[in-house]
Every structure is written in C-alpha cells, then in structure tokens.
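Some notes on the structure that comes next.
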Amino acid sequence: MELEDLKKAIDNSVSVYKPAEKSATDLMDHESKTLFADLERKISIGLIPFPVTVVLFSALFASNVQARHSILMWMLLGILCIEFIDLLFNYRLIKKLQNQSGNTKENFITKINRLETGFKRQFAITLLLYALMAIVLEIVIYYKADNNFQQWAETPVLLRVVSYVVFLIIQFFLKKYFYKKLFSEQMESLKSLIRQFQ
Amino acid sequence: MKELFLQQIQLHEKTILKICHFYTNTDADRQDLYQEILVQLWKSYPRFRGESSFNTWLYQVAINTAITGLKKDKKQIRAYDINRFSKEIAEADFAEHEQLYKAMYTAIEQLNAIEKAIVVLFIDGKTYAEMEKILGINEPTLRVKMNRIKEKLRQLTKNI
C-alpha cells in the first residue's frame, strides 16, 4: 500500500471526512482553547487589581498630606507600577504568540525569537527600574528628604549596596522562574518542532 | 466581512476537516480542533491581504493551529480510538480495502507533526511549490522528506 493509493482512494470517494457537528457561524465566535489563550485570560484577571490599587493610592494621596509627602508610599506605588509593567509585557507577548498566520516554519521561528528576546528585554527593563528605585532611595537618604528612612540611612553604605544587589538577584531568579513557568512548555515544544524541519 | 468569510469557509470546509482528521485521534478532539481552527481563522482574517490564495492562507493558519494549537493535557487524556477508522472507511467509498487503509492511517498517526502536514498537503494534491509556501520548507528538502515519508509508511505497512 502506497501513499499514492490512499490519495487516489480519497480523490475517488464521495465522503471521507466526517462533517462538523456544528456550523461555522456557531463556532467561530467561541473562545480559543489554546494554552496561550488560557494564559491570556489568567493574566488579564491578574491585571485587574492594579488600576484598583492605583485608585486607592490616589485617594490616599488626595486625602492624606503626610502620605503624599512620604517617599516610602511613592516607592510602594513605584514597585506596583513596575510589576504592572512586567505583567503587561507578558500579556502583550502572549497576544503576539497567538498569531497563527504565515508559513509554518517562519511562524514557529518568530515565536521562539519572541519568547527568547521577550525575557531578555522584560528582565532588563524591570531590573533597570528597580535599580533606579535604589538610586532614588540613596538620593533621598543623602538629602535626608524622608524621616522614614532614618534607620536605613544609619546602616553602613556597603551593607545597603549589598542589600540592593541581593534584592536584584532575587528579582532576577523570581522573574526567570515565573517566565519559565509560563512559557517553558511552549518553548520546548516549538524547539522540538523546529528540529522536525531539518 | 463575516458573510464573505463564511462563504470562503464553506468552500474550503473539506480542507479543515482533512487537517482535523489527520491531527486528532477521537471525535471529540476532532470537533475541538475544528472549532479552534475556525476561531483562529476568524481572528486572523482581518490580516489576510490576499497576497496568497485563500486556500494557501487557510492551510497556513489551520496547520499552525493543528500543530501548536490545543492544550497538551487535552491531547493526552483522550484515548486513541481505533474504531473510528472502520466507521469512517465504511462511510467512504473504499470499504473493500478497509484493512489496508486502516493500516495506512495507523502508520500516518506515527509520523511527526511536520511529516503529517506534508502528507495532508500531498493528499490534497498540492505541488511542492505550494507546500513550500505553506510550510516554509524549500522544495529540495520537501522532496527528500517526501521520499523518507513514503519509505517510512512502506515499512510500517509492509506486513499488511
């Protein structure tokens, strides 16, 4: 039995493929069931608390003068914004990864590139923002702009720098862990598919 | 736009069914994949600029979806349904060679995702140039792959 025989048999037959149970009109507006669509839904749920928190912060700043002048509160808001940006990056990436157009090989290579460069860019930006926050904190300490940091200012500079570095390292591993958790399965599967092209 | 899209889908429905048939093992999986392909086609349709034929574009989206689309757990949980062949072959017009076709389909099941895509395109009568547009594999490589696939299928079905 050859593949050509199967082709001939299918060409000569009237109905080989079982028709769909529902019409296209009923099916096309359904939600996608892919892994990425599932992730997109989860991340969009995760994005909801951020605007709510920003509103709460705004209300606090509007009603409380002390809070408005507290660098600590602004830093908390800063951390929140960085994490929000990080989540937005993942959301945008997942949206792009759902594109199924283009020839198969190109489509898979683009997805792999997006996953690889996505992490590097995302990691660089969030870490840079955290490093910037550490610099701002040091400026605040230098100019004694906020009494809340009095105790931290009394800590030796070297220890402070080590703390910032440790924080950045922890951030790096945490981001790497979550990125892997989100995308490693798809990444491996895409890489194995690319090997099948050889 | 929706009307035009549905008209095109109606014309090419057999292509989608064919892809679903080769990439799934059970009826339920086939219905899921069919739905997913339609969802992806509809989502991608605004980006279809007519640079290639609708059929080529449809093949690209449908094959990409079939290969990477569905969630892994769904593929693994459902059991392989060997009886589907008898049913479908009986519905088709080549029931007299049932055993042979069953064996051929079972052999195709064992091919990897890209090889299956080549088989689907071959069965649909696509030329190597068209296959290259859809899969992004150049013609000489496709010819080598096709020969290897045929040999593999020959080996897998030789005892029948």
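None of the figures in this text is laboratory data; all of them are computed from the coordinates on show. Note that this is a predicted model, so its numbers are computed, not measured. Please note: Cβ atoms are built from the backbone with ideal geometry, for glycine as well, and neighbour counts cover all protein chains shown.
Taking beta carbons within 10 Å but only from partner chains, what does the mean come to for residues B:28-35?
Numbers: counts 0, 0, 4, 5, 1, 1, 7, 11.
Across B:28-35, the average partner-chain Cβ count within 10 Å equals 4.
Could you tell me the convex hull volume per residue, in Å³, taken over the Cα atoms of chain A?
In chain A, the Cα hull volume divided by residue count equals 172 Å³.
By how many degrees, between 0 and 90 and to the nearest 10, does the Cα long axis of helix A:3-12 differ from the longest principal axis of chain A?
70
Determine the sum of side-chain charges near B:TRP57: Lys and Arg each +1, Asp and Glu each -1, restricted to other residues whose C-beta is under 11 angstrom from that of B:TRP57.
Residues close to B:TRP57 contribute a combined charge of +2.
Quick one: helix A:104-142 against the long Cα principal axis of chain A, what's the angle to the nearest 10°, folded into 0 to 90?
10
Compute the angle between helix A:49-63 and the longest alpha-carbon principal axis of chain A, please, reported from 0 to 90 degrees and rounded to the nearest 10.
20
Rank by packing, highest mean first: peptides A:106-119, A:175-188, A:139-152, B:52-65, with packing defined as the count of other Cβ atoms within 10 Å averaged across residues. Mind dumping the intermediate values first?
On the way: A:106-119: 17.0, A:175-188: 14.8, A:139-152: 13.1, B:52-65: 21.9.
Per-residue Cβ counts within 10 Å, averaged per peptide and sorted highest first, yield B:52-65, A:106-119, A:175-188, A:139-152.
Enter the per residue convex hull volume of the stretch A:111-198, computed from alpha-carbon coordinates, in Å³ rounded to the nearest integer.
Convex hull of Cα atoms, per residue: 99 Å³.
Let me know the mean shielding of A:105-111 by other chains, meaning the per-residue number of their Cβ atoms within 10 Å of its Cβ.
Across A:105-111, the average partner-chain Cβ count within 10 Å equals 4.
Report, as a whole number in µm² per second, the diffusion coefficient that Stokes-Einstein gives for the protein assembly as shown at 37 °C and 0.692 mPa s using the Kirkwood radius over alpha carbon pairs.
Once the numbers are plugged in, D ends up at 137 µm²/s.
About the Cα centre of the protein assembly as shown, what is the dipole size in debye to 20, counting +1 per Lys and Arg Cβ and -1 per Asp and Glu Cβ, all else neutral?
That gives the protein assembly as shown a dipole magnitude of about 900 debye.
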